[in-house]
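Participant: Dumping the structure here so I can ask a few things about it.
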Amino acid sequence: MMEEVQEEAPCLSVHGHTVKVTEVLKDGDGLNFLIVSQKLSGTGEYHVYRTYEDFEWLQQHLFTQEGVPGIQGVIFPPLPAKAQVNASAKVVKQLGFLALEELQPYCAALETFLHQVAAHSILSKNKDLESFLTSCEPPGRQRVRKTIFNRLSQAVEEMRKESHKDVDEFFQTKRDVNLALTSGTKNAMEKFLDVVLTEQKIAVACGHFAASLHLCVESEDDPDKAAFSKICVKLSDVFESMKKNMTNVAKNDINTLGLGLDLESRYQEAEKEMLFRRTCKLLELETARKNAEKAKPVKKATLEEVKKAAETEFDHICEVAKQEIEHFQGDRVQMLQRALVDWCEKQLHTAKESADQYNQHLQAFREL
């Protein structure tokens, strides 16, 4: 999540902060996202359609940049799991909050991904990003081989690497903190998701009960039945208001704190992967040093060069990683703060609207 610190020539031909995912079109079982970005020249906009596979293509090309010093110290902006038109229970579980609304929150998540890549001082220089945002032609479909950039392996050997004691107290502390935060954030997101799902169930139940009350309405001339029918109609209106209120509360939860917790959880995983990559490089460096120490005279010079190259690479990774963590922590606090403020403001607005509606219903009952 590093941002530009020094004035440099623009890396892109568009304003990164203007990139918008404005529309999504269903194409069979797939989805096409319309990406709009404003040209730096100010003379127009780029409009391109991209599939989720195109986003994966971009992410993989960002992952596999070789020859960029310290690239493995980057906390790569996380891409959400693939959305589907008819999502299975497994996909819904993977997407969490991004599967509960139509597709607007999902478009917002993809838009955030592009903003963070375009604002990154290293990733924004990748020529594939420029092509992704401006070319009408779809990017290549070739598969990029899986690496540790893609996911954390569950192999026993890599689990051993993950628990390896760090030589730098700063990074050891960050690894310990990240381990706790990754678990805690995921748990908080799942609990909040349960709250939202319950709110949606309550809204549906209120709608059903409001509809059922109309079954009690009779058109006969009996005064008592007519009075009872009026009460049922008014009570149905109350439950319709309750349904609308609970629906709005759930929607606010999803679009504010829900999306905030979702992004926080995915970014904690991204930081975890970066720290793991650095640990792997640390082990490679330690192995290179041991090999150089034990080397026979005929191989000594060669292995010393290998050791120096490993030290240089590791130093670059640590330098980039420290800057990434610093920016990541600051951005994370601001992001969660915005999500909480937006959540409170929207819920207060919804509560005031609901209070006015309930006062009107109360007055109507008093007049019966």
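The values are calculated or read from the model by the stated rules, or taken from the named source; none is laboratory data. Please read these numbers as outputs of a predicted model, since none were measured by experiment. Methodologically, a virtual Cβ is constructed for each residue, glycine included, from the backbone with ideal geometry; neighbour enumeration extends over all protein chains shown.
Participant: List the residue pairs whose Cβ atoms are under 6 Å apart, where the first residue sits in the range 80-107 and is outside any helix (DSSP H, G or I), the second is modelled with pLDDT under 80 and loosely packed, with under 14 Cβ neighbours inside 10 Å, and the two are 6 or more positions apart or on different chains.
Facilitator: Correct list of pairs: Val85/Asp29.
Participant: Can you run down the residue pairs with Cβ atoms below 9 Å, 6 or more apart or on separate chains, where the first is in the range 128-141 and more than 16 Å from Leu34 (Cβ to Cβ) and assigned by TED's automatic domain parsing to the domain that holds Val48 and the partner is modelled with pLDDT under 90 and surrounded by fewer than 12 Cβ atoms within 10 Å (Cβ to Cβ)?
Facilitator: Cβ pairs passing all conditions: Ser131/Glu137.
Participant: Using the structure shown, decide if Lys161 is surrounded by 15 or more Cβ atoms within 10 Å (Cβ to Cβ), under 32 Å from the mean Cα position of the chain (by Cα) and at pLDDT 95 or above. Can you show your working first?
Facilitator: Numbers: surrounded by 15 or more Cβ atoms within 10 Å (Cβ to Cβ): yes; under 32 Å from the mean Cα position of the chain (by Cα): yes; at pLDDT 95 or above: no.
In short, no.
Participant: Looking at this structure, is Thr287 assigned by TED's automatic domain parsing to the domain that holds Arg332, over 30 Å from Ala99 (Cβ atoms) and surrounded by 13 or more Cβ atoms within 10 Å (Cβ to Cβ)? Explain how you work it out, then say what you get.
Facilitator: Numbers: assigned by TED's automatic domain parsing to the domain that holds Arg332: yes; over 30 Å from Ala99 (Cβ atoms): yes; surrounded by 13 or more Cβ atoms within 10 Å (Cβ to Cβ): yes.
Taking the combined requirement at face value, the residue satisfies it.
Participant: Please enumerate the residues belonging to the range 215-252 that are in contact with a Ser or Thr (Cβ under 6 Å, 6 or more places away or on another chain) and either in the same structural domain as Gln104 (by TED's automatic domain parsing) or loosely packed, with under 15 Cβ neighbours inside 10 Å (or both).
Facilitator: Residue satisfying the conditions is Glu218 alone.
Okay, residues lined up against (1) closer than 25 Å to Lys186 by Cα; (2) within 20 Å of the chain's Cα centre (by Cα); (3) assigned to a helix (DSSP H, G or I); (4) of a type in the set (D, E, K, R):
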{"site": "Arg266", "(1), (2), (3), (4)": "yes, yes, yes, yes"}
{"site": "Glu273", "(1), (2), (3), (4)": "yes, yes, yes, yes"}
{"site": "Thr279", "(1), (2), (3), (4)": "yes, no, yes, no"}
{"site": "Asn291", "(1), (2), (3), (4)": "no, no, yes, no"}
{"site": "Ile317", "(1), (2), (3), (4)": "no, no, yes, no"}
{"site": "Lys346", "(1), (2), (3), (4)": "yes, no, yes, yes"}
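Participant: Tell me whether the range 27-45 contains one or more residues that are of a type in the set (Phe, Trp, Tyr), at pLDDT 90 or above and within 22 Å of Ser121 (Cα to Cα).
Facilitator: Taking the range 27-45 first, the residues of a type in the set (Phe, Trp, Tyr) are 33.
If we keep only those that are at pLDDT 90 or above too, we end up with 33.
Applying the additional criterion that residues be within 22 Å of Ser121 (Cα to Cα) yields none.
No, the range 27-45 has no match at all.
Participant: Check the range 343-359 and report whether any residue there is crowded, with 17+ Cβ neighbours inside 10 Å and of a type in the set (A, V, I, L, M, F, W, C).
Facilitator: Scanning the range 343-359, I find at least one residue that is crowded, with 17+ Cβ neighbours inside 10 Å and of a type in the set (A, V, I, L, M, F, W, C), so the answer is yes.
Participant: Does the range 207-224 contain any residue that is touching a residue at least 12 places away in the same chain (Cβ under 8 Å), of a type in the set (S, T, N, Q) and in a helix (DSSP H, G or I)?
Facilitator: Checking the range 207-224: not a single residue is touching a residue at least 12 places away in the same chain (Cβ under 8 Å), of a type in the set (S, T, N, Q) and in a helix (DSSP H, G or I).
Residue-wise test of (1) free of Cβ contacts under 8 Å to residues at least 60 places away in the same chain; (2) not aromatic (Phe, Trp, Tyr).
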{"position": "Glu284", "(1), (2)": "yes, yes"}
{"position": "Asn291", "(1), (2)": "yes, yes"}
{"position": "Pro297", "(1), (2)": "yes, yes"}
{"position": "Lys300", "(1), (2)": "yes, yes"}
{"position": "Val306", "(1), (2)": "yes, yes"}
{"position": "Ala321", "(1), (2)": "no, yes"}
{"position": "Phe328", "(1), (2)": "no, no"}
{"position": "Arg332", "(1), (2)": "no, yes"}
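Participant: While we're here: Among the listed residues Glu305, Glu284, Glu271, which satisfies the condition of being farther than 20 Å from His164 by Cα and of a type in the set (Asp, Glu)?
Facilitator: Working: Glu284 fails: farther than 20 Å from His164 by Cα; Glu271 fails: farther than 20 Å from His164 by Cα.
After applying the criteria, what remains is Glu305.
Participant: Is it the case that the range 262-280 has a residue that's buried (at least 18 other Cβ atoms within 10 Å of the Cβ) and over 30 Å from Phe97 (Cα atoms)?
Facilitator: Yes, the range 262-280 has at least one match.
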